[in-house]
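**Q** The structure follows.
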Amino acid sequence: MPKPVTRYTGLLSAALLLGLLLGWSRAGSQINSSAYDLLLRFYPPPPGPSSSVILGIDEQTLNKHGGLLRMRQPLAQALEIVSRFQPAAVAIDIVLSEPGTEAENERLEQALASLPHVVLATHLSSSSMNPANASQTAAWEEPLKRFKKHAAALGHVHADPDNDGVNRQVLLAKVGGADRRWAMALEAYRLALGAASVRETASGLELGETFIPAPRVRDRPLRIRYANPSSPVNRLSVQDVIDHPDAAAIVKNRVVFAGVNVAGGIDRYLMTPYSFGMAMSGVEINANAYETLARGEFLLTVSESTELSVAVAAAVLIGLIFWRLTGNAAVGSALLVLIAAHGLPLFAFLSGYVFPVASLSAVTWFSAWTGGAYHYLVVRKQLGQAESQRDRYQRAVHYITHELRTPLTTIQGSSELISRYPLTDEKRKEIADTIHRESKRLGRMMETFLSVERLSAGQLELDCQEIDPSDLLTACVERCQTVAARKQIRVDYVPEPVEPLWGDREFLEYACYNLITNAVKYSPASTVITVRAWHETEKVCISVEDLGYGMDETEIKQIFGKFYRTKKALQSGVDGSGLGLAIVEEIVVRHGGSIEVESRVNHGSRFTLSLPSARRRAGQRIS
């Protein structure tokens, strides 16, 4: 029996939708982020010298100079020393917007003027309020003009951590009010390359001949490929540079990122995939963003359309596997798809792409569970149907064997009489007629049984014609008289003028004969069976009523089930297969009629057939 395609497809579609919804949910996003962090840790960039140096204002510097409010003086000193060693560029990760003292500002301004390429920090603030619509308007917090005039570029230091508070990317562009700023790391990289400007395309940014794949979506995000923990970005302390100027020699031809790297300072500390519970300062994150640009080891997130296409393909493949294959082949093939689905994000990562884990994993698992469960249920159902069919045919063989016993016994006994005893010609002719009659009966029984089987399977059409109910029932009653006489049962039937039936004579005769013989089989001796026929509006009714064992309500509901026999029937010792009434019902239903049963235990039963009259069904062919 083929699997119902619509139901199977619907279940797989539901599994696909559920998997996608889970993958795109907040929980799915967290799974994707955790998987990404794990891959970053297992496959960090190869160790090597960094292209940048962090000039940090650390605890030592703060303690030496009296805290954060007094940092411009030591920063200026350190920058003056750094300028001697010709750095490629210097990025100050401090928004120099506070007034400060004149002496400190003048010293810092002179230090900035001595540097070749300076990038000053700007920060996106949302403190201003528009009273007209009570909506917040973002604005840029910028350095003082005296510092700004010495800057080759202004770069934003806006942080954009994910929902779990982990910073995995930098926004290369950020808009505030009417102004847009490039990220500090990008501006430092541009100045280090000597590019005049940033050229935008739909797929990325161009700095001279250098291309950065940052598609034009949501401020052009770029995933930060944090440096290998075994070879982190070089660090210098402001105080160490002041105390040991030669230590600044490592900045030659490198980009310097100067900022506060003290927890609780003015800089914001964020978690990263490498944090392991320890946050990272903003200046370090910017330096790592620069290292990502300088190394050119970019990680691109696959598009949502690609993610969806792969998930749909996985669901379809698993669906086809459980549709076409069975047993170990189906399970093994589905397992290979699951392994491939879980290996795809790793393969994509090693190729420079980030493929979301949650949606593909959820879709493949839900599809596998759905396909496997449906496959199991269908196979189990088919197995049950096969066993039921085998049992049915075994019983059918038993039924045929039993039903054919009587004519075969008659034929066998008659032929033995002819061969063993001298008989008159008249007696021989009588026995020969009996053999001929019983053999024809045997053939009709075989043909009827096979026809009923084909009728049940929908492989046979009824040969409908007008039938006289009186002729039909008279023939059936005469055939039953011999069996009834053995139990001294009287079969009463008085032919009356009844409107013609419309149906197949052979099948209807089988149905009526079966009802009458059943009444004889399951009625006590010396009782009466009443057969009647009458017509109602556009139908003809035939009833067979006995005074037999009867049935209760539960048995009446099951009496037309194949191979079902009542308790009384089993206790009576009368042979039977339980197929007769099932065949009768099939015949009646196929004629467009109905069958009703009235019965009481130990008071008998009455079976009533309602069949179409010739007047209503004339000219129609029932199939």
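The values are calculated or read from the model by the stated rules, or taken from the named source; none is laboratory data. Predicted model, so just to flag it, every value in this text is computed and none were measured. Cβ: placed from backbone, ideal geometry, glycine included. Neighbour counts: every protein chain shown.
**Q** Output the residue which, of all residues in region 169-205 that are surrounded by fewer than 22 Cβ atoms within 10 Å (Cβ to Cβ) and basic (Lys, Arg), is farthest from ILE285 (Cα to Cα).
**A** The qualifying residue farthest from ILE285 (Cα to Cα) is ARG199.
**Q** Anything in region 37-57 that is surrounded by fewer than 20 Cβ atoms within 10 Å (Cβ to Cβ) and either over 53 Å from the mean Cα position of the chain (by Cα) or of a type in the set (Phe, Trp, Tyr) (or both)? List them, or say none.
**A** PHE42, TYR43
**Q** I'd like to check something: does region 533-552 contain any residue that is of a type in the set (Val, Ile, Thr), out of contact with any Cys (no Cβ under 6 Å at 6 or more places or on another chain), crowded, with 19+ Cβ neighbours inside 10 Å and modelled with pLDDT under 80?
**A** no
**Q** Something else now. Against the definition (aromatic (Phe, Trp, Tyr), buried (at least 17 other Cβ atoms within 10 Å of the Cβ) and not in a loop (DSSP other than H, G, I, E, B)), how does PHE366 come out, yes or no?
**A** yes
**Q** Within region 69-113, how many residues turn out to be among the hydroxyl-bearing types (Ser, Thr, Tyr), touching a His at 6+ places or on another chain (Cβ under 9 Å) and part of a helix (DSSP H, G or I)?
**A** 0
Residue-wise test of (1) more than 30 Å from ASN253 (Cα to Cα); (2) assigned to a loop (DSSP other than H, G, I, E, B); (3) at pLDDT below 95; (4) not aliphatic (A, V, I, L, M).
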position	(1), (2), (3), (4)
LEU120	no, no, no, no
SER127	yes, yes, yes, yes
ASN133	yes, yes, yes, yes
ASP162	yes, yes, yes, yes
ARG180	no, no, yes, yes
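**Q** Further, regarding this structure: Could you tell me which of the residues GLY548, GLY561 is part of a loop (DSSP other than H, G, I, E, B) and either within 14 Å of ARG606 (Cβ to Cβ) or hydrophobic (A, V, I, L, M, F, W, C) (or both)?
**A** Just one listed residue meets the conditions, GLY548.
**Q** Okay, next question. Looking at this structure, is ALA152 within 25 Å of TYR290 (Cβ to Cβ), in contact with a Leu (Cβ under 9 Å, 6 or more places away or on another chain) and at pLDDT below 85?
**A** Answer is no for this residue.
**Q** Please count how many residues of region 210-235 are in contact with a Gly (Cβ under 7 Å, 6 or more places away or on another chain) and hydrophobic (A, V, I, L, M, F, W, C).
**A** 3
**Q** Could you check region 335-372 and list, in sequence order, the residues that are among the aliphatic types (A, V, I, L, M) and either in contact with a Ser or Thr (Cβ under 9 Å, 6 or more places away or on another chain) or closer than 25 Å to PHE298 by Cβ (or both)?
**A** Correct list: VAL337, LEU338, ALA340, ALA341, LEU344, LEU346, ALA348, LEU350, VAL354, VAL357, ALA358, LEU360.
**Q** State all residues of region 490-530 that are under 16 Å from ASP468 (Cβ atoms), in a strand (DSSP E or B) and either among the acidic types (Asp, Glu) or without any contact (Cβ under 8 Å) to a residue 40 or more places away in the chain (or both); if no residue qualifies, say none.
**A** TYR493
**Q** Given (1) more than 27 Å from SER275 (Cβ to Cβ); (2) out of contact with any Pro (no Cβ under 9 Å at 6 or more places or on another chain); (3) modelled with pLDDT of 90 or more, where does ARG223 come up short, assuming only one miss?
**A** (1)
Per-residue answers, yes or no, for (1) in the same structural domain as GLU499 (by TED's automatic domain parsing); (2) touching a helix residue (DSSP H, G or I) at 6+ places or on another chain (Cβ under 7 Å); (3) at pLDDT 80 or above:
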{"residue": "SER367", "(1), (2), (3)": "no, yes, yes"}
{"residue": "ALA396", "(1), (2), (3)": "no, no, no"}
{"residue": "THR401", "(1), (2), (3)": "no, no, no"}
{"residue": "SER415", "(1), (2), (3)": "no, yes, yes"}
{"residue": "GLU430", "(1), (2), (3)": "no, no, yes"}
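**Q** In region 170-190, is there at least one residue being in contact with a His (Cβ under 6 Å, 6 or more places away or on another chain), under 29 Å from GLN73 (Cβ atoms), assigned by TED's automatic domain parsing to the domain that holds THR292 and not hydrophobic (A, V, I, L, M, F, W, C)?
**A** yes
**Q** Now, a different point. So ILE54 clears everything in (1) outside the structural domain of ALA294 (by TED's automatic domain parsing); (2) modelled with pLDDT of 95 or more except one condition, right? Which one?
**A** (1)
**Q** Would it be correct to say that ALA533 is touching a residue at least 60 places away in the same chain (Cβ under 8 Å), outside any loop (DSSP other than H, G, I, E, B) and small (Gly, Ala, Ser)?
**A** So ALA533 fits the description; yes.
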